[in-house]
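The values are calculated or read from the model by the stated rules, or taken from the named source; none is laboratory data. The shown structure was predicted, so the numbers you read here are calculated from the model rather than taken from an experiment. Every residue, glycine as well, gets a Cβ built from its backbone with ideal geometry; the counts of neighbours run over all protein chains shown. Note: accessible area is taken over every heavy atom of the protein model, side chains too, but ligands, DNA and RNA are not part of it. Shrake-Rupley method; radii C 1.70, N 1.55, O 1.52, S 1.80 Å.
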Amino acid sequence: MRYSVSPASGLSGHIKLPGDKSISHRYAMIAAVAEGASRLENYSTGADCQSTLGCLEGLGIAIERREGAVIVEGRGLDGFRAPTTQLDAGNSGSTIRMLSGMLAAQPFTTMIGGDESLSKRPMARIMTPLKEMGAALSARDGKFPPLTVTGAKLRPIEYEPPVASAQVKTCVLFAGLHTEGVTGVVERVQTRDHTEVALREFGAEIERHGPVIAIHGRPRLEARTLTVPGDLSSSAFFLTAANLLPGSVIVMEDVGLSPSRTALLDWLMAAGAQIRVLDVRQSAGEMVGTIQVTGRQLAGGVIAGATAAALIDEIPVLAVLGAMSRDGLVVRDAAELRVKETDRIATVAENMQRMGISVEVAADGFTIPGNQRFRGAEVDSFGDHRIAMAFTVAGLAAEGPTVVENADAASVSFPEFYATLERLRG
Ligand code: S3P
């Protein structure tokens, strides 16, 4: 699909974001190994989270999709059945990496793969710890999907991932769930902690001692009714759009505000954003609230070190913001961007250049001078949902019309994105 964006003078209104992608994956996977039927309200409508459901069905888990909710019939820690065909994780790195932790403990072999983009994403980061725990894994060229996972009775380990990655942490914790004993993950740069929060909600014993997160194996997990908060990473597109179009006022309700994710709001506020967070409450261990943004030109700034890890999904759209900020944006320590759904350093730079924005690319980030103006152009998502949405937002603030090629990639995390945007334009 080609999406045409005409410049906008402002956006205003109340919106609801899709259910958080990270939390949806985790709730579905944990519900599958809990005992009984879990009801997951506001489960992400994104294709990635549907891929997780499809994989679980391939493992013999019954799933019912109802209007606004998903019901997962959990079969306990030993309830998966050997799949009859290769599991399809689609575009979803979270699905293949996190689910592999559970597959590694099964008394059978599973093949799991995905689309062209997923087939280029690194898997060694999960293969190493799972092999250390006793599973046998093989991959295309030793490191790319599809993966073949032959499960075993796993032994607990203490593992320190070489990259700051919540997916790797989750994979090891999910494997640890199935071992007799305590499995530890050493995390020196904090990543999103939805796995820890969700496992606790379903009844697992999991604790943090300094940098070590420890899970006690073989708990009895009980089915739950849970509501997935709105996706804070999806809010970034509207937070950016509002600040590119000064005077815009956008209110987003029931958004997840996990302290492990709110670096986004902190960074924007430090750059001068006028953001109010209202009605904050706790729901199933997750913080949830309303975000109100009133747009104005921001100062820009630097994203580096631990902040780069914390903002990794939001950097493409913050790059768009950076180009129109007063002082510009410097991104460093973000080499992980190169192994996301696309090489996001390359795809951001390519689209920026097509829109007349100057960008200096580095191995681990980029530098974008401030006070630039986007020129309407033909840009491409390159099949990456966050690139599609980031450059649709750029088009709103451009001079002249923009066309986003392969715009339907947005449906990986936010199928309602374009309709939501059109509503805000009035
Ligand atoms: C995610 C972790 C991050 C993030 C991805 C979702 C998760 O990936 O980029 O969109 O849900 O755990 P990494 O673990 O590769 O950093």
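Below, the figures for the structure above:
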quantity: Test item: Cα-centred dipole of region 254-301, Lys/Arg +1 and Asp/Glu -1 on Cβ, debye; calculated: 140
quantity: The chain - accessible surface per residue (Å², probe 1.4 Å); calculated: 35
quantity: Built amide H within the under 5 Å cut-off of Asp115, gap 5+; calculated: Gly90, Asn91, Ser92
quantity: Restraint check, Lys16/Lys143; Lys120/Lys153; Lys16/Lys131, Cα-Cα greater than 32 Å; calculated: Lys16/Lys143; Lys16/Lys131
quantity: Per-peptide average of other Cβ atoms within 10 Å, ordering 34-44, 209-219 highest first; calculated: 34-44, 209-219
quantity: Value at 222 nm in deg cm²/dmol, rounded to 500, when DSSP H runs of n ≥ 4 in the chain each add -39,500 (n - 2.57); calculated: -9500 deg cm²/dmol
quantity: Local electrostatic count, Ile23, Cβ distance below 13 Å [Lys/Arg +1, Asp/Glu -1]; calculated: -4
quantity: Cα coordinate range in region 21-219, projected on the principal axes (Å, largest first); calculated: 41, 38, 30
quantity: Helix 21-33 vs. the chain, principal-axis angle (Cα, 0 to 90°, nearest 10); calculated: 10
quantity: Packing-based order for 275-281, 241-247, 99-105, using average beta carbon neighbours within 10 Å, highest first; calculated: 99-105, 241-247, 275-281
quantity: Modelled FRET efficiency - R0 41 Å, His209 with Glu399, Cβ distances, 0.05 increments; calculated: 0.15
quantity: Mean Cα-pair separation over length for the chain, i.e. relative contact order, pairs under 8 Å, 6 or more apart, %; calculated: 18
quantity: Eligible aspartates and glutamates near Lys340 by straight Cα distance, threshold 15 Å, same-chain separation 8 or greater; calculated: Asp48, Asp115, Glu116, Asp313, Glu314, Asp364, Asp384
quantity: Fully extended contour minus Cα-Cα distance, from Arg326 to Glu158, at 0.36 nm per residue; calculated: 55.9 nm
quantity: Electrostatic dipole magnitude of the chain [Cβ: Lys, Arg +1; Asp, Glu -1; Cα centre; debye, to 20]; calculated: 200
quantity: Acute angle (nearest 10 degrees) that the helix 47-58 long axis makes with the longest principal axis of the chain, alpha-carbon atoms; calculated: 10
quantity: Pairs of Cα atoms farther than 27 Å apart, the chain, %; calculated: 49
quantity: Carbon/sulfur fraction of accessible area - region 340-401, other protein chains in place, 1.4 Å, %; calculated: 47
quantity: Taking all pairs of distinct alpha-carbon atoms in region 186-273, Kirkwood radius in angstrom; calculated: 15.6
quantity: Extension reserve of the Glu132-Ser283 stretch, reckoned as 0.36 nm per residue once the Cα distance is removed; calculated: 50.8 nm
quantity: Potential extension, Ser4-Ala346 segment - 0.36 nm per residue separation minus Cα distance; calculated: 120.9 nm
quantity: Percent carbon-and-sulfur accessible area, region 72-188, ignoring ligands, DNA and RNA, probe 1.4 Å; calculated: 49
quantity: Hydrodynamic radius (Kirkwood) for region 94-157, which is based on Cα pairs only, to one decimal in Å; calculated: 11.4
quantity: Computed magnitude of the charge dipole of region 1-109 (debye, nearest 20; Cβ of K, R +1, Cβ of D, E -1); calculated: 260
quantity: Nearest-ten-degree value, helix 315-324 long axis tilted from longest Cα axis of the chain; calculated: 10
